[in-house]
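As structure tokens, the structure follows; a few thoughts come after it.
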Amino acid sequence: MLDKKYNAQEKEEKWLNYWKENKIYEFKPDQRKVFSIDTPPPTVNGKIHIGHIFSYSQTEMIARYKRLRGFNIFYPFGFDDNGLPSERLVEKEQGKKAHEIGREEFSKLCYETTDKYEAEFQELFSKMGVSTDWNIHYKTVSPSTIKISQSSFLDLINKGHCYHKESPALWCNECLTSIAQAELETKTIQTTFNYINFKTVETSEEFTIATTRPELLPAIVCVFVNPSDEVHNHLIGKTAHVPIINVEVPIMADEKVAIDKGTGVVMCCTFGDQTDIEWWKKYNLPLKYIFTDNGKIIDEVPNYGGLKIKEARKQIIEDLTDGGYVVKIKELEHEVQTHERCGKEVEYAVMNQWFIDTTSHKKDFLKIGEEIKWYPTHMRNRYDEWVNNIMWDWCISRQRYFGVPFPVWYCKTCGEPVFARVMDLPVNPLVDKPHIDSCKCGCTEFIPETDVMDTWATSSVTPLINMRYGEEENFESFLKPMSLRTNASEIIRTWDFYTIVKSFYHFGMRPWDNVMISGFAKASDGNKISKSKGNSKVEPLDIINEYSADVVRYWAGSGRLGTDINYSEETLLRGRKLVNKLWNVAKFIEMHLADYEEKEFETYEYIDKWILGKYQEMESGFIKYLDDYEVGLALNTLEKFFWNFCDNYIEIVKHRLYRLEEFGEVPRYSGQKTVYTLLYKLLQDFSIFFPFITEEIYQELYHDNKSIHLTQIDPLNFDFSNEIKNGDIMIDIISQARGEKTNNNVSLKTPIKHFELSVNEELADAINKSIKDFKATLTIQSLKMSQNDEVYKINNIELEIENQD
RNA sequence: GGGCGUUUAGCUCAGUUGGUUAGAGCAUCUGCCUUACAAGCAGAGGGUCUGCGGUUCGAGUCCGUAAACGCCCACCA
């Protein structure tokens, strides 16, 4: 017997244990077709917020749907614990910087900390009913994933897609590491536009350059004007004298100079921005690099050496002003590139870095983007746009401690890199020795690479991790490609793109068939949830405890795919209402199935045919939505049907179920069979969203399998279109009659003494076929029906109202 | 500045391929303890579908355009 009230806390725990003990979600290769899901390994950086719950739930629902459709679900969970986010977490917890702690000790702390948070993450995701097989979960710094990341690296080296080069790279002097273009975040800041007077050496003609970064004056290598700038183009070919610094640089022409920006004359420094780098490369300009790694001016620069960038800026403006070189200083609000992990402005540094070529195969990457089906389709535009606009190769080396080491040493004499052999992986060059004793040049000493790989360099190999790339026992046969990748739109340019890059280079093919992109969960104020804004006041655990995981999933599963949703108490309440209703209707149905036996049956009552037909109609839409990964729309459709089922069908059939003598055995059995069949199907459908309560009801009422989650959806195949049409009209009539009672302020059980109705022939037939149901539902004592051409018209309703004296 | 999306009831959102009177939930108001459910049931009020223009017999839906908001990117001289 189902309990009078459903206790979510207790039942959810019970079924979690049951699923675990009975290995309900275990993955084992068998004869079934595999549906594989490449789901984002969450960054283990402290806290999960409701945004995670949102997007992971939607993926999870797809896993459940596909399982119900008979697929063998390969759905491993991962944790992205390597790299800068983890390091920053540890630094924050320790209150110390990594270099103060020391490499070895720091790595140890990183492992311990990520382990701790991983356990918390796992518990929370479990609580949400994530149907993953935890036995095949992975983390991005374990020995086996390090091995795969390293062997991926070596494969790209062999194929010539990965190279080592001294080159300008984006540099964060807060995190003391190079970063990738994708890690940039734009921020608006207040600064000043400084107009500084220069002179030509040849004619001592004055001209003005406007700059936001006067501290780069010592790094100046050239001055540019636009050749079609009539005011300034006579300067081209002359030499500029740089104030204060007292150096002379050439004045050159380039079309990229915007005539209307600043004064139309630009100084080119190495490096202030990307254009500087382009010019530096294009015109083979000299390199004057004036910053240290941690954001100071190098000591070699007179007067300013040792100063921090901003101090130097202040100082140099003062000096320029004193020398009379400053024409004006204008307040300016402009946008700068910052490092997304720490928010600090980035600089450019010239050093040896490892790069993966992302710029010379754009066409191939676009072609793969075309081969993959994107859901919703417009998300592909974001991918295309990113690929088309990539300007840099992907810098994958990071001057950090915690991550996948490069399997590389360098010859001490000639600098030639020595790569580890695949058979020796995983290697840590700081500890392990290269497999050769001496370099070609004869030198026997090797210097280990100390850099580690960018975190995306590792997470971009999740399909490889999943397929156990390079292992003897692997899943390559059914994971090339994987069925589905899911993630939120913000990481299309990183995770999706990099995975495609790697898959193309390794296998020359797409990594997955389908990509499902979710939107964002936003705070209830409609803004993006972010720690810096502090607007994620809602803790996932709190709302699970308050509303149950099923109800939180309801919230997460609502809305259209790819569309942002707000955290909404209202939606949770609505979900709670729905779950509660499901429980109550199950109790009602259970009550009337005590004497039910499953047997062949054809002669359904009219109104039973109506609801079966309505279900079938809904079911085909439901399946279509889920096949398009539209979880929320599927839920919407299902919910709508369900309320109709409860409020209309159950209200009709209840009389037949209660009153055997009056209605007879066969009509009653028809009702029993209908509710038995439909509740089963409704439970299956709802199990995608509410895995817990549906299991509880299923186990109590049906129990023909170990779990509802191992059953299969078997779509109905009736032809009840006539019943659907006329049944709907009957519901309409019933609704109007109910309204009549309500408007007279009487209860719905108040009898209707006389009911006069004119209907067309078709509807008359329908009502006659369900006359007992119809009369019982409205408590009609006498019904008079006349034929008419219009569909129907209610001529008279006479209620039996007692005098209230 | 570019790309993509969003804009529908007071609030949160649905609305398949254009097709009668645009739908839910919450909130408001009015009834009803009805042999599953008062965390319920039955009703009512509430909308120039962001503005403008167009295609069409017919537009919330298609096209163009403007605005607001969101995400991503570019813009550091």
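The values are calculated or read from the model by the stated rules, or taken from the named source; none is laboratory data. As the structure is a prediction and not an experimental result, all values here were calculated from the model. FYI the Cβ positions are ideal-geometry reconstructions off the backbone, even for glycines, and counts take in every protein chain you see. SASA here: full protein model, heavy atoms, side chains in, ligands and nucleic acids out. Shrake-Rupley method; radii C 1.70, N 1.55, O 1.52, S 1.80 Å.
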Self-check item: Cβ-based charge dipole, chain A, positive-most Cα from A:Tyr792, A:Ala240, A:Asn158
Solution: A:Asn158
Quiz item: With point charges of +1 on the Cβ of Lys and Arg and -1 on the Cβ of Asp and Glu, referenced to the Cα centre of region A:633-755, which listed residue (A:Phe689, A:Ile713, A:Val675) lies farthest in the positive direction of the dipole?
Solution: A:Val675
Exercise. For helix A:606-627, report the angle its Cα long axis makes with the longest principal axis of the Cα atoms of chain A; keep it between 0 and 90° and round to the nearest 10°.
Key: 10
Exercise. Report in % the part of the accessible area of chain A that belongs to carbon and sulfur, leaving out ligands and nucleic acids; probe 1.4 Å.
Key: 46
Practice problem: Classify region A:679-748 as rounded, prolate or oblate, taking a ≥ b ≥ c as the square roots of the eigenvalues of its Cα gyration tensor: rounded when a/c is under 1.5, otherwise prolate if a/b is larger than b/c and oblate if not. | Solution: oblate
Quiz item: When ligands, DNA and RNA are left out and all protein chains stay put, how many square angstrom of accessible area per residue does chain A have with a 1.4 Å probe?
Solution: 44
Quiz item: Amide H of A:Ile196: which non-local residues (sequence gap of 5 or more, or other chain) have their own amide H closer than 5 Å, using H built in the peptide plane?
Solution: A:Ile209, A:Ala210, A:Thr211, A:Val327
Quiz item: What's the extension gain from A:Tyr658 to A:Gln9 if we count 0.36 nm per residue and subtract their Cα-Cα distance?
Solution: 230.3 nm
Self-check item: Label-point gap, in nm, between A:Glu318 and A:Asn389 - each point 7 angstrom along Cα→Cβ
Solution: 4.0
Practice problem: Can you tell me the dipole magnitude for chain A around its Cα centre, using point charges on the Cβ only (Lys, Arg +1; Asp, Glu -1), in Debye to the nearest 20? | Solution: 420
Practice problem: Multiply the residue separation of A:Gln94 and A:Lys706 by 0.36 nm, subtract the distance between their alpha-carbon atoms, and state the gained length in nm to one decimal. | Solution: 215.6 nm
Quiz item: Pulled fully out, how much extra length does the chain show between A:Thr239 and A:Ile189, if you take 0.36 nm times their separation in residues and subtract their Cα-Cα distance?
Solution: 14.6 nm
Practice problem: Using per-residue counts of other Cβ atoms within 10 Å, averaged over each peptide, order A:77-86, A:612-621, A:679-688 from highest down. | Solution: A:77-86, A:679-688, A:612-621
Self-check item: Histogram of C-alpha separations across region A:393-480, 5 Å bin width, %
Solution: 3, 14, 18, 19, 18, 14, 9, 5, 2, 0
Quiz item: Cβ under 14 Å from A:Thr486's Cβ, A:Thr486 left aside: what net charge do those residues give with Lys, Arg +1 and Asp, Glu -1?
Solution: -3
Quiz item: Taking Cα pairs under 8 Å and at least six residues apart, what relative contact order does region A:355-501 come out at, in percent?
Solution: 25
Quiz item: How much accessible surface does A:Ser518 have with a 1.4 Å probe, in Å² rounded to 10?
Solution: 10
Quiz item: Can you give the convex hull volume per residue for the Cα atoms of region A:47-96, as a whole number of Å³?
Solution: 79
Practice problem: Under 9 Å from the Cβ of A:Tyr348, count the other residues' Cβ atoms, weight Lys and Arg +1, Asp and Glu -1, and hand me the total. | Solution: -3
Quiz prompt | Relative contact order of chain A, defined on C-alpha pairs under 8 angstrom at six or more residues apart (%) | solution = 14
Quiz prompt | Alpha-carbon Debye profile of chain A, log10 I(q)/I(0) at 0.07, 0.10 Å⁻¹ | solution = -0.68, -1.08
Exercise. Could you tell me which GluC sites (Glu not before Pro) in region A:426-512 are loop residues by DSSP with no more than 11 other beta carbons within 10 angstrom of their beta carbon?
Key: A:Glu445, A:Glu472, A:Glu473
Practice problem: Would you mind checking A:Lys165/A:Lys480; A:Lys108/A:Lys412; A:Lys147/A:Lys433; A:Lys33/A:Lys363 for any pair whose Cα atoms are more than 26 angstrom apart? | Solution: A:Lys165/A:Lys480; A:Lys108/A:Lys412; A:Lys33/A:Lys363
Quiz item: What accessible surface, in Å², does a 1.4 Å probe find on A:Thr203, ignoring ligands, DNA and RNA and rounding to the nearest 10?
Solution: 80
Self-check item: region A:310-412, relative contact order [Cα under 8 Å, separation at least 6], %
Solution: 26
Exercise. Mind giving me the FRET efficiency for A:Asp293 and A:Glu230? R0 is 41 Å, r the Cβ-Cβ distance, nearest 0.05 is fine.
Key: 0.40
Quiz prompt | Cα gyration tensor category, rounded, prolate or oblate, for region A:259-418 with a/c compared to 1.5 | solution = oblate
Quiz item: Please identify the GluC sites (Glu not before Pro) of region A:700-805 that satisfy two criteria: DSSP loop assignment and at most 14 other Cβ atoms within 10 Å. Which are they?
Solution: A:Glu790, A:Glu800, A:Glu802
Exercise. Loop only per DSSP, at most 12 neighbouring Cβ atoms within 10 Å: give me the GluC sites (Glu not before Pro) in region A:215-307, ordered by residue number.
Key: A:Glu230, A:Glu255, A:Glu300
Quiz item: Can you give me the Cα centroid spacing of region A:759-775 and region A:555-586 in angstrom?
Solution: 37
Exercise. Work through the residues other than A:Glu100 whose Cβ is under 13 Å from its Cβ and net out their charges, Lys, Arg +1 and Asp, Glu -1.
Key: 0
Practice problem: Please label the shape of region A:560-670 as rounded, prolate or oblate, based on the square roots a ≥ b ≥ c of the eigenvalues of the alpha-carbon gyration tensor (a/c under 1.5 means rounded; beyond that, a/b larger than b/c means prolate, else oblate). | Solution: prolate
